[in-house]
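Written below as C-alpha cells is the structure these notes are about.
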Amino acid sequence: MVVKLLLEINDLAVEVSGRQVLEHIDLYIDQGETHVLLGPNGSGKSTLFMAILGFPKYKVTNGEIIFKGEDITDLTTTERVRKGIGVSFQNPPSVRGVKLMDLLKVESGQDPKDEKLSPQIKELANKLKFDQRFLDRDVNLGFSGGEVKRSEILQLLAQKPDFIMFDEPDSGVDIENVELLADQINVLLDKEKKLGMRKKSGLIITHLGYILNFVNADTANVLLDGRIACSGNPAEIMEDIREEGFKGCVECCKVN
Amino acid sequence: MLQSQLEKAKKAKEKKALYGEDIDLEEFIKEEAGEHETLTEGSEIPKKVQESLLKVGVDPEEKERAGTFIQMDQSGIYSTSMDESVEIMGMNVALDKYKWLKDYMWKAVPVDADKYTAQTALRESEIGESSGYFIRSLPGSKEVFPLQACMFIGDEKIMQTAHNIIIAEENSELHIITGCATGEDVSSALHVGVSEFYLKKGAKITFTMVHNWAEQVDVRPRTGIMVGDNATFMNNYILTSPVKSIQSYPTAYCTGKNSRIGFQSILGGQKESILDIGGRVLLEGEGSSAEIISRAVSKDQSQLYARGHLAGRTQNVKGHLECHGLVLSDDSMIYAVPELEGSATELEMSHEAAVGKISEEEVLYLTSRGLTEDEAASMIVKGFLSMDIKGLPPELAKETKKMLDMSLEGI
C-alpha cells in the first residue's frame with residue numbers, strides 16, 4: 001500500500017502584526033495519521049494552527065502549505081475548508097442570533113430552509129448529549145467550557161473533513177466528558193479502522209497531553225520558540241517532557 | 001365627528017409632525033372611497049395583489065385566520081369574519097352598526113397631533129365616510145387564530161388614509177396580523193394610518209405588522225394604545241424592504257394597574273430609506289411595565305432612527321429599553337435615542353443601546369466552517385434581526401417566524 005502525503009508544510013515562516021512568530025517550519029502528515037503538537041504557552045502552536053487554516057491576520061512570509069498535492073498557501077479560509085480542512089477551536093466566539101442547529105445544517109450540506117435537522121445529525125447530537133433545546137441555542141452563547149468543545153466536535157462530525165486540527169480539545173472539559181469527546185475524536189480520525197484503512201488525518205494541539213490517554217497519536221512534534229525543535233514517538237516525548245520539561249526534551253532530541 | 005374635533009383638525013391642518021421629514025400633502029391624489037369594487041370572496045382579489053399580500057403575511061385563502069379586512073387605496077374592498085367571538089369590518093359599516101363607536105374616535109390619538117391626523121379627520125368629514133377597519137373581541141373570548149388586515153395601495157400618487165379602531169373587551173384575547181403593501185405599478189404614494197387601541201380589564205392583544213412598500217412611498221402611521229388593568233399589548237413591527245420614509249411613534253398609556261406593554265421592531269434599512277421608528281410608553285398605572293426592543297441594520301445610504309421613551313409616573317413600575325444596531329455601510333447611519341424619565345420613587349427603569357459593526361471574529365469563525373465571508377455576514381445579520389417574537393400562541397409564533405424569515409430573505 002502506498003502511503004499518501006496529505007499535508008505538507010515546507011520552510012514556513014509566519015508573521016502576526018509585523019512580528020515573526022514561526023520560522024523554518026517543516027511538517028509532513030500522511031493520510032490516516034494523527035500528529036500531536038506540543039509546546040509551552042507562547043511557543044507558536046496556535047499561530048501554526050491559524051496559518052494552516054488561513055486566517056488573514058497570520059501572514060505567510062516564506063514557504064508553502066501543500067494540501068492533497070495542491071498549494072493552498074494563497075487560498076482563503078473558506079476555500080481551504082471546502083477542500084477538506086476542519087478545525088475545533090479552543091475558545092470560539094459566540095454568534096448571537098445564529099442557532100447551532102442552523103449552522104449544523106449548513107455544515108452538513110442540508111437545505112437551511114428545512115424545518116428539522118436531518119436524523120443523522122440529530123443522532124450525532126444525541127451521542128454528544130445535546131438535545132433539541134440545546135440545538136436551538138445561539139452558537140456558543142452561554143455555553144459551558146465542555147459544551148463549547150462538544151459543539152465543536154459535533155460540527156466537525158457534520159462537516160466530515162479529511163484533515164482536522166484540534167486546539168486544546170480537552171481544556172475546560174470535566175473528566176467524565178473527556179472520554180465522551182475522545183470517543184468522537186477517534187471516530188473523526190478513523191481510529192476504529194485498521195491502520196492501513198484510515199483515511200482521515202489530524203493534528204492535535206495540547207500542552208498537557210491529557211487527551212493522548214484516550215486518542216492515539218502517531219507522531220509528536222515539539223514547538224519551541226517558533227520552530228519545530230523535536231519530533232518522534234508521542235509516548236517517549238511526553239515522558240521526556242514530564243521528566244525534563246520542554247527544554248530538556250529538546251536537548252534529548254539533539255542527543256538522539 | 002364632533003364639531004369640536006373638526007375645529008381642532010382644521011387648526012392642525014398645517015401642523016408639522018415632531019419627527020420625520022415634512023410631507024407636502026398637496027402632491028398626492030385624494031381618491032374617494034368606493035372607487036374599487038367590493039368583493040365577496042378572497043379568491044376574487046386580483047392575482048398580483050394576492051402575491052403582494054402573501055409577502056406581508058396576509059393570506060388571501062384565509063387559512064387559519066379568524067377574519068380578514070382589506071382596504072385598497074381608500075376603499076374597503078373585502079371583509080369576512082369566521083368566528084362569532086371577534087368582529088372585523090370596515091369603519092363605515094361599524095359606525096352604522098354601533099352608535100357608541102364614535103366615542104372611541106380620537107381618544108387614543110389626538111386629532112390635532114399633526115397634519116396627518118388632521119388630514120385623516122378632515123377627509124372623514126368631507127367624504128362623510130370613514131376608511132380603515134374596526135376590530136373587536138367580545139368579552140371573555142379567546143381566539144387563537146389571528147385576524148388579518150391589509151392596507152394596499154394600488155394607484156400611483158395616492159394619499160391613503162385609514163382610521164382603525166381596535167377594541168379588546170374584558171378578559172378577551174386577540175391576535176392581529178397586518179400587512180401593508182403597494183401594487184407593482186406604484187412607485188410613489190403616501191400612507192397615513194391612524195390606529196386607536198383600547199384594551200379593557202384583563203385583555204390581551206398581539207399586533208404584528210409587516211410593511212413592504214414601494215421605494216418612493218412615504219408612510220406616517222399614528223398609533224395610540226389605552227391599556228386597562230391587567231391588560232397586555234404586544235406590538236411587533238417588521239420592515240426590511242426599501243421605502244422612501246417611514247415615521248412612526250406609537251404611544252401607549254398604561255393607566256391600568258399591572259398593565260403591560262411590549263414593543264419590538266425589526267428594521268432593515270436599504271437603499272435611500274429613512275426609517276424613524278420609535279415608541280413611547282407612559283407608565284401611569286401601579287405595577288405597570290414596558291419593554292421596548294429594536295434591532296436595526298443599515299445598508300446602502302439608509303438612515304435609521306430608533307427612538308424610545310419610557311416615562312415612569314407612579315411607584316412600582318418597571319421599564320426596559322433596548323436598541324441594538326449594526327451599521328453595514330459607510331454611507332448609512334443609525335441613530336439610537338433611548339430616553340428614560342422617572343417621576344416617582346420606587347421605580348425601575350433601564351436602557352441598553354449599542355451601535356456597531358459585524359464582529360470580524362464571528363465572520364472568521366463561520367468561514368472556518370466553509371461559509372464565504374458574504375454568507376457568514378448575511379447569516380450573522382439575519383441572526384441579529386431574527387429575534388424571538390414574544391407573546392404569540394405557538395401556531396402564530398410559527399407563522400410569524402415564517403413571515404420574518406421571508407422579510408429577511410431580501411436583506
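We did not get these values from a lab; they are worked out from the coordinates using the rules stated. Please read these numbers as outputs of a predicted model, since none were measured by experiment. Quick reminder, even Gly has a Cβ in these numbers, built from the backbone with ideal geometry, and neighbours come from all protein chains shown.
Let a ≥ b ≥ c be the square roots of the eigenvalues of the Cα gyration tensor of region B:110-205; is it rounded (a/c under 1.5), or, if not, prolate (a/b larger than b/c) or oblate? Taking the square roots of the gyration eigenvalues as a ≥ b ≥ c, region B:110-205 is oblate. Extending 7 Å from Cα along the Cβ direction at B:K13 and again at A:K160 yields two label points whose distance is 7.4 nm.
Binning all Cα-Cα separations of region B:3-409 at 10 Å, short to long from zero, yields these whole-percent fractions: 5, 23, 34, 27, 10, 2, 0. Neighbours of B:Y249 by Cβ distance under 11 Å: Lys/Arg scored +1, Asp/Glu scored -1, total +2.
Comparing Cα centroids, region B:87-116 and region A:34-67 end up 70 angstrom apart.
By the beta-carbon count within 10 Å of each Cβ, the least crowded to most crowded order of B:T120, A:T61, A:T76, fewest first, is A:T61, A:T76, B:T120.
Of all DSSP beta bridges confined to the protein assembly as shown, the antiparallel ones make up roughly 20%.
Between B:E286 and B:D388, the FRET efficiency estimated from the beta carbon spacing at R0 = 30 angstrom works out to 0.55. Cβ-to-Cβ counts within 10 Å put A:H24, B:H324 in ascending order as A:H24, B:H324, the fewest first. Taking Cα centre as origin and charging only the Cβ of basic (Lys, Arg, +1) and acidic (Asp, Glu, -1) residues, the dipole magnitude of the protein assembly as shown rounds to 920 debye.
Summing +1 for each Lys or Arg and -1 for each Asp or Glu, what net charge is found among the other residues whose Cβ lies under 11 Å from the Cβ of B:S81? Around B:S81, the charge tally is -3. For the pair A:D174 and A:V3, the difference between a 0.36 nm per residue extended length and the Cα-Cα distance amounts to 57.9 nm. Near B:L326, the amide H atoms lying under 5 Å from its own belong to B:A296, B:V297, B:S298, B:G356; only residues 5 or more places off or on other chains count, and H is placed 1.01 Å from N.
Region B:5-69 and region B:189-238 have their alpha-carbon centroids 14 Å apart. Averaged over the residues of A:88-97, the number of partner chain Cβ atoms lying within 10 Å of the residue Cβ comes to 5.
For chain A, the relative contact order is 26 percent, taking Cα pairs closer than 8 Å that sit 6 or more residues apart in sequence and dividing their mean separation by the residue count.
Taking other C-beta atoms within 10 Å as the exposure proxy, B:E7, B:E409 rank B:E409, B:E7 from fewest upward. Working from Cα pairs under 8 Å separated by at least six residues, relative contact order for chain B is 11 percent.
Put a dot 7 Å past the Cα of A:S231, heading toward its Cβ, do the same for B:E409, and the two dots end up 5.3 nm apart. Simple rule: put +1 on each Lys or Arg Cβ and -1 on each Asp or Glu Cβ in region B:3-409, find the dipole, and look at B:A353, B:Q301, B:T232; the Cα lying farthest toward the positive end is B:T232. The label-point distance for A:K68 and B:K402, in a model that sets each label 7 Å from Cα toward Cβ, rounds to 3.9 nm. Once the convex hull of all Cα atoms in region B:324-405 is built, its volume per residue stands at 164 Å³.
Looking only at region B:3-409, where both bridge partners belong to it, what percent of the DSSP beta bridges are antiparallel (to the nearest 5)? In region B:3-409, DSSP labels about 10 percent of beta bridges as antiparallel.
Backbone N atoms of region B:119-153 closer than 18 Å to the 7 Å Cα→Cβ label point of B:M1 belong to residues B:119-134.
The phi torsions of region B:347-352, fed into the Karplus equation with coefficients 6.51, -1.76 and 1.60 and a -60° offset, translate into couplings of 10, 9, 9, 9, 8, 8 Hz, rounded to whole numbers, with Gly and Pro shown as x. Evaluated over the Cα positions of the protein assembly as shown, the convex hull gives a direction-averaged projected area, one quarter of its surface, of 34.5 nm².
Across all directions, the average projected area of the convex hull around the alpha carbons of region B:20-131 is 9.0 nm².
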